[in-house]
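Asker: A single structure is presented below for examination.
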């Protein structure tokens, strides 16, 4: 089967083509916009840090799953919004802690990310282990399998509910960014000056970290960890090479994201490949094309 | 309040900044960064604060900006707590030559506008008078010709003009410049002094210029004060050549003195265990000309 066959068959076109595209478009608009700020503030590794600290959140979710069946008699749920909520809360806490720790001049953000990333992963490992033992002790089936679905979700297997999740988060992120755009831009442009002018830089940075955590967790759940972190860097990195006008940069990063999404979906369906890696590779190629076209590192 | 009367009696000119016996010690450090600093900046005056690196200049600036709360002593900016004055937009700040990302997607005009508009609610556009003011300021600092250029691709001198316009955009009463000479060549410094003189002549704004480079201060200040643990004029730090010193002295130096009440315009900072370098040694004789006109 190739792309045309999928599109001709109405029973396949929605779940395999249009629905993943719709979910992907929400993710791309959300992360593509954030990626401009990520590149300008050199926060590229926050995506890595937050996505990997999700392990800790998965550990808590597993524990909470067993606890809810042990104490409340509920049936353990695999995945779902319950788990997503716990992972999200944990990742937001980690992201805020990264910003807070690196706030002091002696510790840089990459150190903070390195510390929290491994700490959260180790915590997650222990908690999943503990929850399995607990589940075994009370005769429940272990729920520890669901971390794979969180880390390596696929845009091909998304459901109708995921369209809602993707677009609700996208609108939340874009709306918040629009609302704080002026202090956020001032902070991004010149942090020391912004602080001296009275911009509440800690709060502004906190808002950005929360939005980044939201974008990472949602895209990770729906598209997998590699596309999630890639979308937080690549569209902005490409767009900032093409223009130095804010609205153009934002427009280009969205266009690049959506274009890459459509191209990679077509590629994936035509050649029967995974769409996530296709998207990342298409955008990576786009990055090098933009870099070459602009003339390498020679700056005017 | 009796305190206010004392201030009023001491100086007939309205006071922009007043520090009384301000000390500051960074948390976890033993040595203080500022010790017993008393200082008065009159309204409309241009005060230069000279000191070597590590002499407490940045700390003093942060105290005046309200970013640091002194361990002891009182700071007033236009009679208010500095953070309050800052929140009201009374303080304009020109940072040390910053690190603007080379590809930052804002034009000079947009960057300058942020200085006035960052507090504008998101749902409201920037008003026409604010935009008109920004255009006036761009003209005043000579930045109109590169106003549409990306702000990350300016030369040092151009960026400085943009930063001054941004600091003035919110309509402050005092302009604070942090190390304005860094990254500017000798020719550029002359132009910069002219620029500051032009701004002062046009707006009559109070200015505080902090620098380790006496050339940045000598050209355009009514008064110069020296801030350091170790700076004595006879133990001249780099850059403080006899000729330059003579020039500064010609401009009227209110230098290091023991914390005497002499017109309330002395900066005094030295290590706790260190002997006070002042009290005569050929500097800081307190040739203050009240009113700040040199």
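The values are calculated or read from the model by the stated rules, or taken from the named source; none is laboratory data. Since the model is a prediction, treat every value here as computed from it, not as a measurement. Heads up, the Cβs are rebuilt from the backbone with ideal geometry, glycines too, and the neighbour counts pull from every protein chain shown.
Asker: Do we have residue A:240 as touching a residue at least 24 places away in the same chain (Cβ under 8 Å), over 24 Å from residue A:112 (Cα atoms) and within 14 Å of chain B (Cβ to nearest Cβ) here?
Answerer: In short, yes.
Asker: Restricting to the stretch B:71-109, and then to whatever is facing another protein chain (nearest Cβ under 7 Å) and closer than 28 Å to residue B:204 by Cβ, can you tell me which residue is nearest to the chain's Cα centre (by Cα)? I'd like the intermediate steps shown before the answer.
Answerer: Step one: filter the stretch B:71-109 for residues facing another protein chain (nearest Cβ under 7 Å), giving B:86-87, B:93, B:95, B:98, B:100-106.
When the remaining residues are screened for being closer than 28 Å to residue B:204 by Cβ, the result is B:86-87, B:93, B:95, B:98.
Details: B:86: 14, B:87: 18, B:93: 8, B:95: 10, B:98: 16 Å.
Here the residue is B:93.
Asker: With respect to residue A:96, is the statement that it is at pLDDT 90 or above and over 14 Å from the mean Cα position of the chain (by Cα) true?
Answerer: Numbers: at pLDDT 90 or above: yes; over 14 Å from the mean Cα position of the chain (by Cα): yes.
Here the answer is yes, as residue A:96 does meet what is asked.
Asker: Any residue in the stretch A:177-198 that is within 28 Å of residue A:30 (Cβ to Cβ) and facing chain B (nearest Cβ under 7 Å) sitting within a Cβ distance under 6 Å of a residue that is surrounded by fewer than 18 Cβ atoms within 10 Å (Cβ to Cβ) and at pLDDT below 90? List the pairs, counting only those 6 or more apart or interchain.
Answerer: The qualifying pairs are A:179/B:122; A:190/B:98.
Asker: Quickly run through the stretch A:275-294 and pick out the residues that are surrounded by 15 or more Cβ atoms within 10 Å (Cβ to Cβ) and within 21 Å of residue A:228 (Cβ to Cβ).
Answerer: Quick first cut of the stretch A:275-294, residues surrounded by 15 or more Cβ atoms within 10 Å (Cβ to Cβ) only: A:275-284, A:286-287, A:290.
Passing the criteria: A:275, A:276, A:277, A:278, A:279, A:280, A:281, A:282, A:283, A:284, A:286, A:287.
Asker: Same structure, new question: Kindly indicate whether residue A:212 is within 9 Å of chain B (Cβ to nearest Cβ), crowded, with 21+ Cβ neighbours inside 10 Å and touching a residue at least 24 places away in the same chain (Cβ under 8 Å).
Answerer: Details: within 9 Å of chain B (Cβ to nearest Cβ): no; crowded, with 21+ Cβ neighbours inside 10 Å: yes; touching a residue at least 24 places away in the same chain (Cβ under 8 Å): yes.
The answer is no for residue A:212.
Asker: For the stretch A:1-37, how many residues are under 19 Å from residue A:224 (Cβ atoms) and either surrounded by fewer than 24 Cβ atoms within 10 Å (Cβ to Cβ) or within 12 Å of the chain's Cα centre (by Cα) (or both)?
Answerer: Start the filter on the stretch A:1-37 by keeping residues that are under 19 Å from residue A:224 (Cβ atoms), which leaves A:15-17, A:19-32, A:34-35.
Then drop every residue that is not either surrounded by fewer than 24 Cβ atoms within 10 Å (Cβ to Cβ) or within 12 Å of the chain's Cα centre (by Cα) (or both), which leaves A:15-17, A:19, A:21-22, A:24-32, A:34-35.
Within the stretch A:1-37, residues that are under 19 Å from residue A:224 (Cβ atoms) and either surrounded by fewer than 24 Cβ atoms within 10 Å (Cβ to Cβ) or within 12 Å of the chain's Cα centre (by Cα) (or both) number 17.
Asker: Restricting the search to the stretch B:142-168, which residues are under 29 Å from residue B:43 (Cα atoms) and facing another protein chain (nearest Cβ under 10 Å)?
Answerer: B:163, B:166, B:167
Asker: Here's something else I'd like to know. Taking the stretch A:212-261 only, how many residues are out of contact with any helix residue (DSSP H, G or I) (no Cβ under 7 Å at 6 or more places or on another chain) and more than 21 Å from residue A:41 (Cβ to Cβ)?
Answerer: 2
Asker: Are there any pairs, at least 6 apart or on different chains, whose C-beta atoms fall under 6 Å, with the first in the stretch B:182-210 and touching a residue at least 60 places away in the same chain (Cβ under 8 Å) and at positive phi and the second outside any helix (DSSP H, G or I) and surrounded by fewer than 21 Cβ atoms within 10 Å (Cβ to Cβ), and if so, which?
Answerer: Sorted first by the residue in the stretch B:182-210, then by its partner, the pairs are B:183/B:97; B:204/B:44.
Asker: Among the residues of the stretch B:58-67, is there at least one that is away from chain A (no Cβ under 11 Å), on the phi > 0 side of the Ramachandran plot and touching a strand residue (DSSP E or B) at 6+ places or on another chain (Cβ under 8 Å)? Even if it seems obvious, please write down each step before you answer.
Answerer: Here is the first cut: in the stretch B:58-67, the residues away from chain A (no Cβ under 11 Å) are B:59-60, B:63.
After this cut, where a residue has to be on the phi > 0 side of the Ramachandran plot as well, the list is none.
No: zero hits.
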